[in-house]
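Working notes, structure below.
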Amino acid sequence: MIRVLIADDQEMVRAGFRMILDGEEDIEVVGDVGNGDDALRLARELRPDVCLMDIRMPGTDGLEATRRLAGSGVSDPVRVVVVTTFDLDEYVASALANGASGFLLKDAGPALLVEAVHAAERGDAMVSPQITVRLLKHFNGGASSPGGERESDRPSEELTERERDVVREVANGLTNTEVSGRLYMSLSTVKSHLAAVQGKIGARNRVETAAWAWRTGLMAE
């Protein structure tokens, strides 16, 4: 079972998330809290597999709570997915820099919420598709040409054509399921291609893979 803690200052949101997640056979909500201080305390006490964290809460805000639970200096980090109504680029950047394993908007829908929990639990990262492309273009100056490529961007082995196809779709904000349908391949094949690409380019997750695609000019081909 994937054990989840929910932190959000709106009771209705917490109840909705709990109903969605408790309906999954492999997910269990172990607690929900309405402020950042309680989120920190309960996360350290219960050690959930994933914590869903709102940004604007009383006491410690969600971004700071994320840093304390998942930041680079934390010896035993908790995987945090930031879920908010605010899709400001600086919030996304801060959340990911503070160690978040994902960034979702509250209107992303039940399927993406569940997928984000699963992604975080297996050590992957997921950002709401509707902001992924805008975010990546913003971080890379809006350019998608080989001129932005760095020495460290060169893959250890050339990507196959199908791997390149998968990466392009991921960089356009599609989920694995959507990539599967678009490219007419099984979900397991999509995941295998992504894993192979991450190994070749030294990326830790799909967000870094997508950023690589925009930075190196793959999206312009």
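The values are calculated or read from the model by the stated rules, or taken from the named source; none is laboratory data. Values in this document were obtained by computation on a predicted structure and should not be read as measured data. Here the Cβ is made from the backbone with ideal geometry for all residues, glycine too, and neighbour counts use every protein chain on show. SASA here: full protein model, heavy atoms, side chains in, ligands and nucleic acids out. Shrake-Rupley method; radii C 1.70, N 1.55, O 1.52, S 1.80 Å.
With out of contact with any strand residue (DSSP E or B) (no Cβ under 9 Å at 6 or more places or on another chain), more than 14 Å from V114 (Cβ to Cβ) and not acidic (D, E) as the only criterion, which of R14, R44 stands out? Break it down into steps so the answer makes sense when it comes.
Values: R14 fails: out of contact with any strand residue (DSSP E or B) (no Cβ under 9 Å at 6 or more places or on another chain).
Sole residue among the options that is out of contact with any strand residue (DSSP E or B) (no Cβ under 9 Å at 6 or more places or on another chain), more than 14 Å from V114 (Cβ to Cβ) and not acidic (D, E): R44.
Being open to solvent by less than 20 Å² (accessible area, probe 1.4 Å) and more than 17 Å from E158 (Cβ to Cβ), is that true of even one residue in segment 177-184? Talk me through it step by step, then tell me what you get.
Taking segment 177-184 first, the residues open to solvent by less than 20 Å² (accessible area, probe 1.4 Å) are 179.
Still in the running and more than 17 Å from E158 (Cβ to Cβ): 179.
Yes, there is a match, as at least one residue in segment 177-184 is open to solvent by less than 20 Å² (accessible area, probe 1.4 Å) and more than 17 Å from E158 (Cβ to Cβ).
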Quiz item: Considering segment 178-206 alone, what residues qualify as being of a type in the set (S, T, N, Q) and free of Cβ contacts under 8 Å to residues at least 40 places away in the same chain?
Solution: S180, S186, S188, T189, S192, Q198
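Let's see how each residue does on (1) in contact with a Pro (Cβ under 7 Å, 6 or more places away or on another chain); (2) surrounded by fewer than 15 Cβ atoms within 10 Å (Cβ to Cβ):
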residue	(1), (2)
D38	no, no
R44	no, yes
P48	no, no
C51	no, no
D61	no, no
T66	no, no
L69	yes, no
Practice problem: Tell me which of these G202 doesn't satisfy, since it passes every other one: (1) in contact with an Asp or Glu (Cβ under 6 Å, 6 or more places away or on another chain); (2) open to solvent by 40 Å² or more (accessible area, probe 1.4 Å); (3) not β-branched (V, I, T). | Solution: (1)
Quiz item: Could you list, in sequence order, the residues of segment 18-36 that are in a helix (DSSP H, G or I) and either open to solvent by 20 Å² or more (accessible area, probe 1.4 Å) or touching a Gly at 6+ places or on another chain (Cβ under 7 Å) (or both)?
Solution: R18, M19, I20, D22, G36
Practice problem: For segment 89-102, name all the residues that are closer than 21 Å to K191 by Cβ and open to solvent by less than 10 Å² (accessible area, probe 1.4 Å). | Solution: G102
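Every residue, every condition in (1) under 19 Å from R14 (Cβ atoms); (2) surrounded by 20 or more Cβ atoms within 10 Å (Cβ to Cβ); (3) modelled with pLDDT of 95 or more, yes or no:
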{"position": "V78", "(1), (2), (3)": "yes, yes, no"}
{"position": "D87", "(1), (2), (3)": "no, no, no"}
{"position": "L105", "(1), (2), (3)": "yes, no, no"}
{"position": "G109", "(1), (2), (3)": "yes, no, no"}
Practice problem: Can you run down the residue pairs with Cβ atoms below 6 Å, 6 or more apart or on separate chains, where the first is in segment 89-103 and of a type in the set (S, T, Y) and the partner is open to solvent by 20 Å² or more (accessible area, probe 1.4 Å)? | Solution: S94/L63; S101/R79
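For (1) in a helix (DSSP H, G or I); (2) within 17 Å of the chain's Cα centre (by Cα); (3) under 22 Å from T216 (Cα atoms), each residue gets a yes or a no:
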| residue | (1), (2), (3) |
| --- | --- |
| E163 | yes, no, yes |
| V167 | yes, yes, yes |
| E178 | yes, yes, no |
| S188 | yes, no, no |
| L194 | yes, yes, yes |
| V197 | yes, no, yes |
Exercise. Specify the residue that is farthest from the chain's Cα centre (by Cα); the eligible residues are those in segment 88-109 that are in a strand (DSSP E or B) and closer than 19 Å to G123 by Cα.
Key: L104
